[in-house]
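Read through the structure below, which is laid out as structure tokens, and then see the notes.
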Amino acid sequence: MASLPLPSITTSPNPSHSTRRIFAKPSHFITHAKRSNRLRISCTAQNQNNNASHNAESSQGKVDRRNMLLGIGGLYGATNLISNHEASANPIQPPVLDKCGKKKLILVAPPISDKIIDYELPPVFGMKTRPSAHRVSPEYIFKYNMATDRMKRLPKDDPRNFMQQANIHCAYCNGAYDQPGQGTLDLQVHNSWLFFPFHRWYLYFYERILGKLIGDPTFALPFWNWDNPKGMTIPPMYMDSRSALYDPKRNKENFPPAVVDLGVTLNKDPLQVVSNNLTIMYSEMIRGNSSALDFMGKEYKEGSSVNPGAGAIERGAHTSVHRWVGDPNQPSGENLGNFYSAGRDPLFYCHHGNVDRMWTLWQYFLPSSKVPDKRITDPDFLNAAFLFYDENAQLVRVTVKDCLDNLRMGYDYERIDLPWLDYRPPPQTAGAKINRTRTNAPLAETIFPLKVDKIVRFRVPKTVKGKDRELLVLENITVDTTKFLKVDVFVNDEDDNVTELDKAAYAGTYAHVPHKTSTTNRMATTSIQLKLIELYDDMDIAADDDDEIVVTLVPRHQGEGMTIGGIKIIKDPSPPPPASAT
């Protein structure tokens, strides 16, 4: 296969941020369009071999090797473990791997491994370029299909086997293990600041395994650029039923030429869906974030409860794509529509390639005037760690701090237009003032806690009259984790067409992918905050008489499962950007 042409490659023996190329000029060809069943799962594939249970020694001593395969991990060497559920200012610790009780998922026995290696990133002599999935050549598709087919044909107890790789996501995301010393508190890598780092490492090793299987260390995974109108359909190479990249458990109603609906609005006008999508991307990447945690996700430390809070992309476009692809005729939305099964669809890795690309764009290419400091310097973030098997089937330990720079990891992304970069909603001055007579909206404090099962409007007092740097906070969002749940937030919106998001009134969203917990309690509680200053500008909320706003909540799910404890406006505590920032 060495004679097959490769995707274009840029080389940089000493990659640094100063050598990063700016993305292609954004395209302007898109204009604004006209204005349950209970989850029962197992990470185990059918007919999986369960005869190879062994013990191996790590730096912690002997652990059950059954579960090392699944990539469960964290920072080793903590000396004091506490049992209360308050965050204890330490990184998330690794699970006790030999404890998998009746309430835990059934996991698979791995091969023998006698040590855990602290992984060191190899020197980068040639930069791999991950290509857009809609722009790859037939030669690339042939190589990618062959690599995936070989991964699926590996022995079932090989940690590099396709199902074993899929099980990594299942185990980290569905309550397979407890946090050590924290009772029955689950270990979870979603809905927190661990989301982006975990998935970056996950794809890194998956990509290296594929390259190893075809003898091509330069092989790079594709990304599904659903943020660009030219990429807003399922990439063609995943639609060939004869291919190893195909998965039958997808929503057939959404096969091409259907346009991916990043808002789950169910709008059937393709042009309107594209305009909605670009508005969503602008909101989640630029408009709605006040701090690094707003984008990355909230703090998650030893003793923290699961689901402290997802960042903008995770709870937005990322979740919507999972929902849109998963098969609604399956009991739990398999495959992509549920955490436990998502990794069984090869499209998962292409989808998360674009999620990782969004992190890269946010880190290095978006205006610093929006969020002046995009770094998280907390040691409990930087020192959090995971376990994976590398391309040589060696068990390795990796840390968050070693994955902050994708160039240092040896890969970059093909440059694609970013039409959402300047897709700020048009000014909405007409009707932006509160029409209290028409809305007849009650004060928020009179209706919360609130079950989110229908559209509701209410008034929320501002901290000051006129325009100020403020945040809209949705507190104590309690959700049934086994259901898909999503609610959109609008401010001073008097338009009854809730399937159109390309307007200044759209403030943001909360959503999550269904998943299982290890306990009988399926409920989780979180909160989100949405930056309002740019929305105020777009809606001319600056007059002295603007002392409150009208908020509209629009659920995109059916039935019950979500309750919001309260809603309020607070002053933005983050430092304002420098006056000269651009």
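Within region 546-561, restricting attention to residues that are buried (at least 20 other Cβ atoms within 10 Å of the Cβ) and part of a strand (DSSP E or B), the residue that is nearest to the chain's Cα centre (by Cα) is 555. For residue 181, indicate whether it is open to solvent by less than 10 Å² (accessible area, probe 1.4 Å), over 22 Å from the mean Cα position of the chain (by Cα) and small (Gly, Ala, Ser). Against the criterion (open to solvent by less than 10 Å² (accessible area, probe 1.4 Å), over 22 Å from the mean Cα position of the chain (by Cα) and small (Gly, Ala, Ser)), residue 181 does not qualify. As a summary of the residue check, residue 215 satisfies the conditions (1) open to solvent by 10 Å² or more (accessible area, probe 1.4 Å); (2) small (Gly, Ala, Ser); (3) closer than 30 Å to residue 375 by Cβ except for the one numbered (3). The set of residues in region 177-191 that are closer than 20 Å to residue 342 by Cβ, out of contact with any Pro (no Cβ under 8 Å at 6 or more places or on another chain) and not β-branched (Val, Ile, Thr) comprises 186, 188, 190.
Looking at region 234-252, can you tell me whether even one residue there is within 24 Å of residue 412 (Cβ to Cβ), in contact with a helix residue (DSSP H, G or I) (Cβ under 7 Å, 6 or more places away or on another chain) and open to solvent by 10 Å² or more (accessible area, probe 1.4 Å)? The answer is yes; a qualifying residue exists.
Looking at 279, 319, can you tell me which residue is farther than 30 Å from residue 162 by Cα, modelled with pLDDT of 95 or more and of a type in the set (Val, Ile, Thr)?
Details: 319 fails: farther than 30 Å from residue 162 by Cα.
Going through 279, 319 in turn, just one is farther than 30 Å from residue 162 by Cα, modelled with pLDDT of 95 or more and of a type in the set (Val, Ile, Thr): 279.
Suppose we filter region 159-173 for residues that are out of contact with any strand residue (DSSP E or B) (no Cβ under 9 Å at 6 or more places or on another chain) and part of a loop (DSSP other than H, G, I, E, B); how many remain? If you could, list the steps in order and put the result at the bottom.
In the first step, residues of region 159-173 are kept if they are out of contact with any strand residue (DSSP E or B) (no Cβ under 9 Å at 6 or more places or on another chain); the result is 161-163, 166-167, 169-171, 173.
After this cut, where a residue has to be part of a loop (DSSP other than H, G, I, E, B) as well, the list is 161.
Total satisfying the criteria: 1.
Scanning region 562-582 for residues that are in a loop (DSSP other than H, G, I, E, B) and modelled with pLDDT of 95 or more yields no hits at all. Figure legend. Inter-residue proximity from region 387-413: first residues farther than 14 Å from residue 364 by Cα, second residues polar (S, T, N, Q) and part of a loop (DSSP other than H, G, I, E, B), beta-carbon distance below 8 Å, spacing 6+ or different chains. Indicated pairs: 393/113; 394/113; 395/113; 399/383; 400/383; 401/383. Against the conditions (1) hydroxyl-bearing (Ser, Thr, Tyr); (2) over 19 Å from residue 174 (Cα atoms); (3) assigned to a helix (DSSP H, G or I), residue 319 satisfies every one except (2). If you go through region 151-160 and keep only what is open to solvent by less than 10 Å² (accessible area, probe 1.4 Å) and more than 26 Å from residue 384 (Cα to Cα), you end up with just 151.
Within region 268-281, restricting attention to residues that are touching a Pro at 6+ places or on another chain (Cβ under 9 Å) and open to solvent by 10 Å² or more (accessible area, probe 1.4 Å), the residue that is farthest from residue 501 (Cα to Cα) is 270. Considering (1) touching a helix residue (DSSP H, G or I) at 6+ places or on another chain (Cβ under 8 Å); (2) modelled with pLDDT under 95, the lone condition that residue 185 does not fulfil carries the number (1).
Being farther than 24 Å from residue 284 by Cβ and surrounded by 15 or more Cβ atoms within 10 Å (Cβ to Cβ): is that true of residue 380 here? Against the criterion (farther than 24 Å from residue 284 by Cβ and surrounded by 15 or more Cβ atoms within 10 Å (Cβ to Cβ)), residue 380 qualifies. Checked against the criterion of being in contact with a His (Cβ under 6 Å, 6 or more places away or on another chain) and open to solvent by less than 20 Å² (accessible area, probe 1.4 Å), the candidates 353, 343, 410 yield just one match: 343. Each residue in region 330-340 was checked for being surrounded by fewer than 24 Cβ atoms within 10 Å (Cβ to Cβ) and of a type in the set (S, T, N, Q), and 1 of them qualify. Applying the condition of being exposed (fewer than 15 other Cβ atoms within 10 Å of the Cβ) and under 20 Å from the mean Cα position of the chain (by Cα) to region 365-377 and asking which residue is modelled with the lowest pLDDT yields 365.
The values are calculated or read from the model by the stated rules, or taken from the named source; none is laboratory data. Please read these numbers as outputs of a predicted model, since none were measured by experiment. Glycine gets a Cβ as well: all are built from the backbone with ideal geometry, and neighbour counts include every protein chain shown. When the accessible area is computed, the model is the full protein with side chains, heavy atoms only, and any ligands, DNA or RNA have been set aside. Shrake-Rupley method; radii C 1.70, N 1.55, O 1.52, S 1.80 Å.
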